[in-house]
Structures are given as C-alpha cells and as structure tokens.
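J.: Mind having a look at this structure? Questions to follow.
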Amino acid sequence: MRRNAFWLLLMLFSASELKAASLAQQWELAVAVNAKSQSESAIFDTESGYERQAKLQGALQLSGWEGQVSVLHKADNDAGEESELIVEEFFWQGGWFDWDLLAGKRRLDYGVSYAHRPLDLFLPMERNPVSLRVNEGVAVVSASRFTASGELSLMLVDANASQLIDEVLPKGIAVRWYQLEGESEWQLLGYLDDQRGLNIGASWVATYGESWELHSEGRYQQRYRQWLKPDAPEASVSPREGEQSDGWQALLGMTWTHRAGHTVIAEYWFDSRAWHTRDWKKLSENARWYREQGARWDGVRYASGAVFLSEGRNRHNVMLHWSLSNHNYNPKLDLLYSPDDGGFVVTTGIHREMNSNWTLGASIRYFGGAEQSYFAQLPSDTHVTLTANMNF
C-alpha cells in the first residue's frame with residue numbers, strides 16, 4: 001500500500017508542476033473471466049474454480065514525462081476480491097549535449113524472441129498470458145548515445161521499484177550496445193548486480209527477403225538460485241534453495257510470414273539452470289508417496305510445490321506458433337513441447353475487432369503430457385478465458 005501511495009503522490013506532484021503543459025492520454029478497459037480445471041497432480045490439492053478480472057490501463061504523456069498506470073481488480077471464488085493501483089512506467093526523458101537521458105520507472109525489454117527471452121535480465125515478464133496481467137518496469141537512470149547505425153547505453157538499475165513482487169530484487173549497473181547493419185542487427189548486454197554477479201547477454205536478428213527471419217538470444221549468469229534436488233521421500237524435508245554458479249541459456253528461432261496474414265514462428269531453447277527430467281520424476285514420485293502416507297506428510301507434500309516457482313523449468317524446449325491477422329477473426333495456436341519429459345502446453349485463441357474501439361476474445365490453454373512431466377504436475381490442467389477490451 002505504501003508503494004501505491006508513493007507512486008500516486010509522485011505522479012500528482014509532477015502533474016501539478018507541469019500543469020501548464022498539455023496532457024496526452026489514452027485509456028483501455030479490459031475485463032476477463034478465467035475458469036480453471038483441477039489437474040491430477042499429487043502435489044497440489046486445488047479445486048476447479050474461476051476468477052473475474054478487470055483492468056483499467058492508461059498511457060499518459062506530459063511535457064518530458066511519460067507513464068502508464070493500471071488499476072487491476074481480481075475476484076476469485078476462493079480468495080475473495082482485491083484491487084491494486086500499479087504504476088507500470090513513469091519516467092522523464094531529456095537531452096544533454098550528445099546524450100539522451102532517462103530517469104524513472106520503465107520496462108527494459110531487449111529480447112527478440114516470442115516464447116522465451118533470455119535477455120530479460122532485469123525483471124522477467126510473463127510471455128503470452130491467457131488472463132489479464134501487468135508488466136512493470138524497473139527504476140532506472142540511463143544515458144544513451146546514438147550513431148547512424150547503433151546505440152550505446154549506460155544504466156543504473158534497481159528492480160525493487162516493483163509493486164507486485166514482495167521480495168528483495170537485484171540492483172546494479174548495466175551497459176548495452178546495439179548495432180544495425182544492412183538486414184542484420186546485433187546486441188550485447190552486460191549487467192553486474194548485487195545478487196547474481198555478472199550477467200552477459202547477446203542477440204542477433206537477420207531478415208531474408210519479405211518472408212523469412214532468423215533470431216537468436218543467449219545469456220550467461222554467474223550465480224543463480226536453484227531448488228535442491230529431491231532425495232528419498234522418507235528423508236525429504238521442505239524444499240530449500242541453494243546457490244549455483246555458471247548458468248546459461250541459448251535460443252534459436254525463425255519466423256515466416258505470408259502476405260495473406262499468416263505468421264509461423266519456431267523456436268528452440270536450452271536452459272542449464274533447470275532440473276533434469278529425473279528430478280521432476282522424483283518429485284512426482286515423492287508427492288504420491290506422501291499422499292499415500294496420509295495427513296502427517298501433507299505439509300512436506302504441499303511445500304514441494306514451491307519448486308514450480310523456479311526460473312528454469314525444462315532444460316530443452318520447442319515452441320511452434322501460428323497466427324492469422326488482417327481479418328475480422330484473428331486466430332492463433334501455440335504448442336510448447338518438452339522433449340525430455342514429454343510434457344506440453346497447447347494454447348489456442350481467437351479475437352475479433354467489433355469496431356475500432358471494441359475487441360472480443362477467447363482462449364483455451366491446456367497443460368498435459370507424461371504423468372511425471374513438469375507441465376502435468378501443475379495444479380490446473382485447463383484454463384478457459386473470455387475477454388473484452390474497449391479503447392477510449
């Protein structure tokens with residue numbers, strides 16, 4: 001609550017200081033109903049249920065200030081109702097000699113891929129959610145210098161400006177170099193923070209003709225947190241995290257587009273921070289053993305669900321995406337597959353622009369695959385979402 005009050009007072013102060021300037025604004029109201037069905041996971045005992053959401057989001061521009069704010073309201077059939085004011089972005093931009101300056105809260109999103117972005121070094125963002133979500137920025141002070149074909153940026157970053165994550169987040173200093181040459185672009189990103197040490201990332205994108213594109217991302221992380229791998233169930237205790245070193249991720253993808261509006265994306269990525277398939281299998285076996293022993297082991301069984309909050313999930317991942325745009329109806333289909341354990345996620349959706357201001361949509365996401373796979377152990381196996389968006 002105190003974070004909400006801080007950001008609200010800061011925006012009101014800035015508006016009063018610049019009240020003589022013209023205020024540009026654009027607002028969007030979105031409402032959604034999301035229904036979830038219970039999976040057969042032995043770790044979670046959640047029940048099927050539904051959630052109602054509403055999000056009022058506004059983009060504001062006032063003199064040298066820009067911002068984006070949201071009011072997110074959620075009503076769950078079990079957890080009750082809550083509302084929160086979230087300042088997603090609020091920053092000032094200006095110039096000093098040949099440098100562009102920026103200060104405030106802003107999203108730093110340098111990834112070039114669709115399903116997974118290793119270059120989310122500062123504050124990870126949820127990709128392709130089926131319900132209403134808010135993606136926040138980080139507190140940043142940056143200086144950037146542009147050339148005819150590139151950019152150099154120096155940044156001080158603190159992710160603790162987040163209002164949604166209630167834990168201590170990294171802060172540090174970052175540098176970014178970007179270069180465009182012909183049909184290709186390169187990017188190097190370095191970030192030294194107080195929790196993970198040195199983070200180094202890079203990306204490359206190249207286009208071929210009007211239809212084909214190749215892209216890749218990679219990242220090295222000096223330190224990372226990983227849940228300790230499960231042991232024999234009789235000896236197991238509540239899960240604990242340990243510090244590991246030298247984690248890395250790599251992604252390779254391609255995009256094909258057609259003039260009729262078809263888009264096809266294929267990506268593969270590897271994440272060394274994730275557990276091996278045998279570890280997820282062991283977790284599932286332990287959970288079933290705990291459940292068979294009765295209520296005295298329920299505490300350990302439920303606690304093991306914390307490992308699903310890990311950044312690294314599956315070591316090997318394959319994603320296929322198809323969508324159709326420039327039509328009254330805009331369908332899409334995503335398939336995420338883990339070849340190691342046989343788990344998969346299928347997401348299909350469609351939205352229609354009723355007019356220039358109204359859009360209606362529906363989506364279904366299903367988690368399935370082998371019984372002991374990562375995705376099959378999640379608490380819900382199906383999410384059905386209906387949405388409506390209005391711009392004004």
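J.: Scan region 40-60 for residues that are touching a Leu at 6+ places or on another chain (Cβ under 8 Å) and either over 25 Å from residue 392 (Cβ atoms) or exposed (fewer than 15 other Cβ atoms within 10 Å of the Cβ) (or both) and jot them down.
T.: Once the filter is applied, which keeps residues that are touching a Leu at 6+ places or on another chain (Cβ under 8 Å) and either over 25 Å from residue 392 (Cβ atoms) or exposed (fewer than 15 other Cβ atoms within 10 Å of the Cβ) (or both), region 40-60 yields 41, 43, 44.
J.: Show the residue pairs meeting these rules: Cβ distance below 7 Å; 6+ apart or different chains; first residue within region 69-90 and more than 16 Å from residue 131 (Cα to Cα); second residue β-branched (Val, Ile, Thr) and not in a strand (DSSP E or B).
T.: Listed by first residue and then by second, the contacts come to 86/134; 88/134.
J.: Suppose the filter is closer than 30 Å to residue 230 by Cβ and among the small types (Gly, Ala, Ser); does residue 323 pass it?
T.: When the stated conditions are applied, residue 323 does not pass them.
J.: Quick one: residue 230 ticks every box in (1) over 25 Å from residue 182 (Cβ atoms); (2) of a type outside the set (Asp, Glu); (3) not in a loop (DSSP other than H, G, I, E, B) bar one, so which box is it?
T.: Checking residue 230 against (1) over 25 Å from residue 182 (Cβ atoms); (2) of a type outside the set (Asp, Glu); (3) not in a loop (DSSP other than H, G, I, E, B), the one that fails is (3).
J.: Quick one: how many residues across region 233-253 are among the aliphatic types (A, V, I, L, M), surrounded by fewer than 15 Cβ atoms within 10 Å (Cβ to Cβ) and not in a loop (DSSP other than H, G, I, E, B)? Before the answer, list the steps.
T.: Pass one, region 233-253, residues among the aliphatic types (A, V, I, L, M): 235, 237, 250-252.
Among the residues that remain, those that are also surrounded by fewer than 15 Cβ atoms within 10 Å (Cβ to Cβ) are: 235, 237.
Filter again for not in a loop (DSSP other than H, G, I, E, B), leaving 235.
The number of residues fulfilling the criteria is 1.
J.: Restricted to region 15-39, and to residues that are polar (S, T, N, Q) and at pLDDT 55 or above, which residue is surrounded by the most Cβ atoms within 10 Å (Cβ to Cβ)?
T.: So, considering only residues that are polar (S, T, N, Q) and at pLDDT 55 or above, the one surrounded by the most Cβ atoms within 10 Å (Cβ to Cβ) is 34.
J.: Now, a different point. All but one of (1) in contact with a His (Cβ under 7 Å, 6 or more places away or on another chain); (2) assigned to a strand (DSSP E or B) hold for residue 61; which doesn't?
T.: Residue 61 satisfies every listed condition except (1).
J.: Take residue 63 and tell me if it is under 30 Å from residue 38 (Cβ atoms) and among the polar types (S, T, N, Q).
T.: Spelling it out, it is not the case that residue 63 is under 30 Å from residue 38 (Cβ atoms) and among the polar types (S, T, N, Q).
J.: Right, here's the next one. Taking the options 62, 85, 12, name whichever one is out of contact with any Ser or Thr (no Cβ under 9 Å at 6 or more places or on another chain), under 23 Å from residue 138 (Cα atoms) and either of a type in the set (Val, Ile, Thr) or modelled with pLDDT under 95 (or both). If you could, list the steps in order and put the result at the bottom.
T.: Details: 62 fails: out of contact with any Ser or Thr (no Cβ under 9 Å at 6 or more places or on another chain); 85 fails: out of contact with any Ser or Thr (no Cβ under 9 Å at 6 or more places or on another chain).
Result: 12 is the single residue among 62, 85, 12 that is out of contact with any Ser or Thr (no Cβ under 9 Å at 6 or more places or on another chain), under 23 Å from residue 138 (Cα atoms) and either of a type in the set (Val, Ile, Thr) or modelled with pLDDT under 95 (or both).
J.: Let me ask something additional. If we scan region 306-317, do we find a residue that is more than 19 Å from the chain's Cα centre (by Cα), at pLDDT 85 or above and either assigned to a strand (DSSP E or B) or closer than 30 Å to residue 261 by Cα (or both)?
T.: no
J.: Still on this structure, please answer the following. Look through region 193-215, keep the residues that are within 21 Å of the chain's Cα centre (by Cα) and in a loop (DSSP other than H, G, I, E, B), and return whichever of them is surrounded by the fewest Cβ atoms within 10 Å (Cβ to Cβ).
T.: By that ranking, first place goes to 195.
J.: Then there's this: Might you check whether a residue that is surrounded by fewer than 16 Cβ atoms within 10 Å (Cβ to Cβ), modelled with pLDDT of 85 or more and in a strand (DSSP E or B) occurs anywhere in region 363-372?
T.: Scanning region 363-372, I find at least one residue that is surrounded by fewer than 16 Cβ atoms within 10 Å (Cβ to Cβ), modelled with pLDDT of 85 or more and in a strand (DSSP E or B), so the answer is yes.
J.: Related question: Suppose we filter 56, 85, 108, 101 for residues that are more than 23 Å from the chain's Cα centre (by Cα) and not charged (D, E, K, R); which single one remains?
T.: Residue meeting the stated conditions: 101.
J.: Given (1) of a type in the set (Gly, Ala, Ser); (2) out of contact with any strand residue (DSSP E or B) (no Cβ under 7 Å at 6 or more places or on another chain); (3) within 22 Å of residue 373 (Cβ to Cβ), identify the lone condition not met by residue 260.
T.: Among (1) of a type in the set (Gly, Ala, Ser); (2) out of contact with any strand residue (DSSP E or B) (no Cβ under 7 Å at 6 or more places or on another chain); (3) within 22 Å of residue 373 (Cβ to Cβ), residue 260 violates only (3).
The values are calculated or read from the model by the stated rules, or taken from the named source; none is laboratory data. Note that the structure is predicted; figures quoted are calculated from it, not measured. Using ideal geometry, Cβ is built from the backbone for each residue, glycine included, and neighbour counts are taken over all protein chains shown.
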